[in-house]
Every structure is written in structure tokens, then in C-alpha cells.
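The values are calculated or read from the model by the stated rules, or taken from the named source; none is laboratory data. Quick caveat: nothing in here was measured; it's all calculated off a predicted structure. Cβ coordinates were reconstructed from backbone atoms using ideal geometry, including for glycine residues, and neighbour counts include every protein chain displayed.
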Amino acid sequence: MNLGFVAALHQGGDSAPLLTLRLGLTKGPLDMNEERKELFRNLGLISSMGISVVVAIALGVYAGLWLDRKFGTNPWFFYIFLFFGIAAGFRNIQIMTAREIRRDERDDA
């Protein structure tokens, strides 16, 4: 945040010079809206990555526990599906990150 004193001399509609004083942010309102939009977009992406990992692991654990109870193979299916859940969670992060990188490259072009 750049706090400063900005003074600008503008020509008014009646050809009289008009002195505009502005204290505070030196960026325009559009710049702040774009920065805020980018911030919320990044926060949404990060939180969706976290939720994706947690849900994948939880589903894997639940499936493993259910199969262990059904077949009496405690704890083998639990560990197998826990591993699958962790792998699926990280795969989801990889997919989301690659999609975001492609989107940023497309926006820069």
C-alpha cells in the first residue's frame, strides 16, 4: 500500500485550472479492484486444492475401512485405499496447478 500525497492540475470544463488533491492510495480504483479480484481468485484456488486433498483421502479411508469390515482383512484395505486417496489428492493438485498455469499463460499472451 503506497500512502502518499498526490496533487494533479486539471483543466476544468470552463478552462479554469482545477487542483485535485488526493491523500491515500496512489493507485486508481480499477487497479485495486483487479488486485482484489486476483487475491480472491488465488484464495479460492488454494482452498479448493486443500478441500480436494482432504476429500480424496477421506473417501479412500472410508472405502478401505468398509472393505476391511466386509472381508475381515483389517488393516490391509485401509492402507491400500489410504495410499490411493493420498495419490488422488496430489493428482488433483497437479491438475489444478497445470490448469492455472495454462490460464495465466493465456492471459499474458
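Observations
- The stretch 85-109, residues that are exposed (fewer than 12 other Cβ atoms within 10 Å of the Cβ), small (Gly, Ala, Ser) and either assigned to a helix (DSSP H, G or I) or touching a residue at least 40 places away in the same chain (Cβ under 8 Å) (or both): Ala98
- Between Leu82, Leu30, Leu67, Leu59, the distinction of being modelled with pLDDT under 60 and either within 27 Å of the chain's Cα centre (by Cα) or in a helix (DSSP H, G or I) (or both) belongs to Leu30 only.
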